[in-house]
Structures are given as structure tokens and as C-alpha cells.
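Enquirer: Dropping the structure in here first, questions after.
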Amino acid sequence: VIVPNECYGEIIEEVVLPWLEEIEVERTAERSSNPWLGFGSVELCWAMGDRIEDEGSLLHWAAKHRIPIVIPGLSDGSIGSQLFMHRQKSPNFMVDFLSDEQILSDLTWTAEESHALMVGGGISKHHVIWWNQYRGGLDSAVGITTAPEHDGSLSGARLREAVSWGKIRPDAPHVTVEGDASVLLPLLGADLFRD
């Protein structure tokens, strides 16, 4: 995946840090005693999406329709750096990661069915399969990965292993597709949305 420099790095700092200042003012006005309780990645995505006018933005639509986007590894990478930098100026600022766990738990327990498309692996894959073990497993699953099975990593673990842990139902259709997501996802999308 190629991301042009003008879409990353400095532009993130120029946009996200002022947004975090605005978000802090809003949350403090709404909840003066504990403004950050319940402020996990879902609330952060909505707060940022509320500020994005571009209708081509995933965050714009997630915020508009209050669709939860859970980011388990939020502190990693450029956004995590911005959160850290904001906290240097505002020591009381925090992200309530357990509020995300509550959302995942609620979604898992209230879902009539649960299906997953897992791109890559690691923490995001594990969050999906972990919570679903409590409802008897996923009803179907597709995993896309470039990781080899033999190295013992979660990213390389095939979905049949999740069946053995009760994270995917034994009778659920599931498949692991070995390949690069930047190639496979556009092909999958083209097939799903063709006339």
C-alpha cells in the first residue's frame, strides 16, 4: 500500500493535535468530573469523524451513523504518537481502552450471528476471535494473511486453530487466504460490488 507523504506525517500532526484540543474542551464541558471515562477508540473515531467533511472518509461515515470502529492497537503508530503528544500538554488526558472492551462484549452478547473478515493478524485478529469464544464461536470467518503458519505467530495461525479453542464454531465455514491484502481486498471488493 502506497501512502503519499502529503497524506501522512506532518499532516497528521497539523490536523489531529488541534482536534484533540477541541475534543478535550467538549468532553470537559460535558463531563467535568471524569471527561475521559468511556472515551476509547470508538469515541475517538467518532469525534474525529465528526470533524471530517470528506464523504470519501470511512471515519466520516462511521461517525455519521455511529458505527463502532474498535482499534485495539491505538497507541501504536502515528495516531498513538499524537495522543502521547497531546498528553504532554494535558496530563489528565487518557484513552479508556476498557470502554472498547465493553463495546466488543456488548456486540458479541447481543449479536444473533457473528462473522469476521480478518485482514492480517495480531491484536486485531485476536480481539475478534477472543470475544466470540464466549458466544460459542464465530458463525463464519475469512482470514487474509502473508504470515507463515510454521513460525507460531498469531498472524500465521490458521483459522482451524481458532476452531480448536472454540473461537470459531466447528461447523462454521472458514478459510484462510494466503496473500497480500493490498492485492486481495480490491479484488474481493470488485467482486462484491460488481453488477
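Enquirer: For region 145-154, indicate whether the set of residues that are assigned to a helix (DSSP H, G or I), under 25 Å from residue 42 (Cα atoms) and either outside the structural domain of residue 73 (by TED's automatic domain parsing) or at pLDDT 95 or above (or both) is non-empty. Show your work before the answer.
Expert: In the first step, residues of region 145-154 are kept if they are assigned to a helix (DSSP H, G or I); the result is 149-151.
Applying the additional criterion that residues be under 25 Å from residue 42 (Cα atoms) yields none.
Checked against the condition, which is being assigned to a helix (DSSP H, G or I), under 25 Å from residue 42 (Cα atoms) and either outside the structural domain of residue 73 (by TED's automatic domain parsing) or at pLDDT 95 or above (or both), region 145-154 yields no hits at all.
Enquirer: Tell me which residues, restricted to region 130-144, are in a loop (DSSP other than H, G, I, E, B) and either surrounded by 19 or more Cβ atoms within 10 Å (Cβ to Cβ) or on the phi < 0 side of the Ramachandran plot (or both). Spell out the reasoning first.
Expert: Quick first cut of region 130-144, residues in a loop (DSSP other than H, G, I, E, B) only: 136-137, 139.
Within region 130-144, 137, 139 meet the criteria.
Enquirer: Residue 125 versus (1) under 15 Å from the mean Cα position of the chain (by Cα); (2) modelled with pLDDT of 95 or more; (3) of a type outside the set (Asp, Glu); (4) surrounded by 15 or more Cβ atoms within 10 Å (Cβ to Cβ): which is the lone unmet condition?
Expert: Every listed condition holds for residue 125 apart from (2).
Enquirer: Next question, about the same structure. Could you tell me how many of the residues in region 179-195 are exposed (fewer than 12 other Cβ atoms within 10 Å of the Cβ), among the small types (Gly, Ala, Ser) and touching a residue at least 12 places away in the same chain (Cβ under 8 Å)?
Expert: We begin by selecting, within region 179-195, every residue exposed (fewer than 12 other Cβ atoms within 10 Å of the Cβ); these are 180, 182-183, 186-187, 189-195.
Subset that is among the small types (Gly, Ala, Ser): 182, 189-190.
Okay, now just the ones that are also touching a residue at least 12 places away in the same chain (Cβ under 8 Å), so 182.
The qualifying residues number 1.
Enquirer: Out of everything in region 88-101 that is surrounded by 14 or more Cβ atoms within 10 Å (Cβ to Cβ) and of a type outside the set (A, V, I, L, M), what residue ends up being farthest from the chain's Cα centre (by Cα)?
Expert: Filtering first and then ranking leaves 93.
Enquirer: Okay, moving on. Of everything in region 155-178, what is in a helix (DSSP H, G or I) and in contact (Cβ under 8 Å) with a residue 12 or more places away in the chain? Give them in sequence order.
Expert: 159, 160, 162, 163
Enquirer: In addition: I'm told residue 109 meets every condition in (1) surrounded by 14 or more Cβ atoms within 10 Å (Cβ to Cβ); (2) part of a helix (DSSP H, G or I) except one. Can you identify the failing condition by its number?
Expert: If we test residue 109 against (1) surrounded by 14 or more Cβ atoms within 10 Å (Cβ to Cβ); (2) part of a helix (DSSP H, G or I), just (1) comes out false.
The values are calculated or read from the model by the stated rules, or taken from the named source; none is laboratory data. Because the structure is a prediction, the values reported are computed rather than measured. Note: ideal-geometry Cβ built from the backbone for every residue, glycine included; neighbour counts use all protein chains shown.
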